[in-house]
Amino acid sequence: KNQVEQSPQSLIILEGKNCTLQCNYTVSPFSNLRWYKQDTGRGPVSLTIMTFSENTKSNGRYTATLDADTKQSSLHITASQLSDSASYICVVRENAGNMLTFGGGTRLMVKP
Amino acid sequence: KAGVTQTPRYLIKTRGQQVTLSCSPISGHRSVSWYQQTPGQGLQFLFEYFSETQRNKGNFPGRFSGRQFSNSRSEMNVSTLELGDSALYLCASSLGVNSYEQYFGPGTRLTVT
């Protein structure tokens, strides 16, 4: 069964600090992996999308990594800001049936 | 360019009723996907449409159905509503399927009483 596990479930950090969120998946065959940021009461916003051949991709202070061999991805947030407080969701698309599997998300809170 | 719009934004229905939600994708986007989001289950995929054809369907009962029109606008319908259908229903549009970026709408908050 295809699964996407995210850790930690929730995280509290101080403004200005860095943090790393993890995503492990069992989806196979793999097509791509997306990281989304979802503010409370809003729809998710795509941060990065990574295909099999991509190891690292950055979007401002967000850097995603992908290890397709170990089926792990991480999202690193540098110099966190209060506006980074949100849920971060990892989504993996399967290649064969084109299905999407969602992680449960990591709820990040950045405190001043 | 206008973003993805969903109507209505909020809806209250009673058990047994049916509901239709609407989604207008970004101009030029031909793929529309629907998701259900609840605190307990997180985001779950409902279905995906491309050029008026359903490309993929999630693991939901037949009470959940959808369609896409020639202008790429999409509707989803839930019949015989149950309390457990209370959720945020999100629509996302993209140029095509698979690798294209998805852009989400603000969602429709459905409450079933």
**Message:** Quick check on this structure: which one of A:100, A:108 is surrounded by 21 or more Cβ atoms within 10 Å (Cβ to Cβ) and either within 14 Å of another protein chain (Cβ to nearest Cβ) or closer than 22 Å to residue B:49 by Cα (or both)?
**Reply:** A:100
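Listed here are the residues, each with its yes/no results for (1) of a type outside the set (Asp, Glu); (2) surrounded by fewer than 19 Cβ atoms within 10 Å (Cβ to Cβ); (3) in contact with a Phe, Trp or Tyr (Cβ under 9 Å, 6 or more places away or on another chain).
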position: B:60; (1), (2), (3): yes, yes, yes
position: B:66; (1), (2), (3): yes, no, yes
position: B:87; (1), (2), (3): yes, no, no
position: B:90; (1), (2), (3): yes, no, yes
position: B:96; (1), (2), (3): yes, yes, yes
position: B:102; (1), (2), (3): yes, no, yes
position: B:107; (1), (2), (3): yes, no, yes
position: B:113; (1), (2), (3): yes, yes, no
**Request:** For segment A:32-49, enumerate the residues that are surrounded by fewer than 20 Cβ atoms within 10 Å (Cβ to Cβ), charged (D, E, K, R) and within 8 Å of chain B (Cβ to nearest Cβ).
**Result:** A:42
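Go through segment B:37-59 and count every residue that is touching a Leu at 6+ places or on another chain (Cβ under 6 Å) and in contact (Cβ under 8 Å) with a residue 24 or more places away in the chain.
First, the residues of segment B:37-59 that are touching a Leu at 6+ places or on another chain (Cβ under 6 Å): B:37, B:45, B:58.
If we keep only those that are in contact (Cβ under 8 Å) with a residue 24 or more places away in the chain too, we end up with B:37.
Summing the residues that are touching a Leu at 6+ places or on another chain (Cβ under 6 Å) and in contact (Cβ under 8 Å) with a residue 24 or more places away in the chain in segment B:37-59 gives 1.
We did not get these values from a lab; they are worked out from the coordinates using the rules stated. Keep in mind that this is a model prediction, so the values were computed, not measured. Cβ atoms come from the backbone with ideal geometry, glycine included; neighbour counts cover every protein chain shown.
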